[in-house]
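The values are calculated or read from the model by the stated rules, or taken from the named source; none is laboratory data. Since the structure is predicted, the reported quantities are computational estimates derived from the model, not experimental observations. Ideal geometry is used to build each Cβ from the backbone, glycine not excepted, and the neighbour counts take in all protein chains shown.
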Amino acid sequence: MLRSVLREYGEFFLKKGLGLELAIAMVIGQQLTDITRSLSNDLLMPLLMPLLHAGNWHQWSIPYFGNDIMVGKITDMGLNTVITGFGLFLILKVANRRQRLDG
């Protein structure tokens with residue numbers, strides 16, 4: 001029983017090409033993450049640093065009852081999320097336009 005279910009799952013996974021598509025999506029997703037992080041850390045934040053009068057923005061923190069709230073890390077994650085979302089929006093916009101043109 002288990003053997004036939006596993007065989008059927010393997011055939012479904014390989015015949016439908018889902019395994020290859022998933023692997024490609026994972027690689028592209030990781031690359032998009034790296035590009036986003038670089039845009040945030042190496043382009044946007046150095047441009048903003050003169051306005052913020054701070055050294056290492058990743059270390060920004062707010063003291064809170066003996067602990068620190070790491071505002072810099074939260075800011076980094078927020079910027080990365082916005083940049084990633086914008087990149088995905090652009091990709092989907094182009095894909096939708098091509099789909100409309102193709103009919």
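Are any of the residues in the stretch 20-34 touching a Leu at 6+ places or on another chain (Cβ under 7 Å), at negative phi and in contact (Cβ under 8 Å) with a residue 40 or more places away in the chain? Spell out the reasoning first.
Pass one, the stretch 20-34, residues touching a Leu at 6+ places or on another chain (Cβ under 7 Å): none.
The answer is no, given that none of the residues of the stretch 20-34 is touching a Leu at 6+ places or on another chain (Cβ under 7 Å), at negative phi and in contact (Cβ under 8 Å) with a residue 40 or more places away in the chain.
So which of M45, M26 ends up being at pLDDT 85 or above, surrounded by 10 or more Cβ atoms within 10 Å (Cβ to Cβ) and part of a helix (DSSP H, G or I)?
Every option except M26 fails the conditions.
For the stretch 64-86, state whether one or more residues are out of contact with any helix residue (DSSP H, G or I) (no Cβ under 9 Å at 6 or more places or on another chain), in a loop (DSSP other than H, G, I, E, B) and of a type outside the set (F, W, Y).
Looking through the stretch 64-86, at least one residue is out of contact with any helix residue (DSSP H, G or I) (no Cβ under 9 Å at 6 or more places or on another chain), in a loop (DSSP other than H, G, I, E, B) and of a type outside the set (F, W, Y).
Checking the structure you have, find out if any residue of the stretch 63-75 is among the basic types (K, R), surrounded by 10 or more Cβ atoms within 10 Å (Cβ to Cβ) and more than 21 Å from the chain's Cα centre (by Cα).
Among the residues of the stretch 63-75, not one is among the basic types (K, R), surrounded by 10 or more Cβ atoms within 10 Å (Cβ to Cβ) and more than 21 Å from the chain's Cα centre (by Cα), which makes the answer no.
Limited to the stretch 67-99, what total is found for residues that are more than 15 Å from T36 (Cβ to Cβ) and hydrophobic (A, V, I, L, M, F, W, C)?
7
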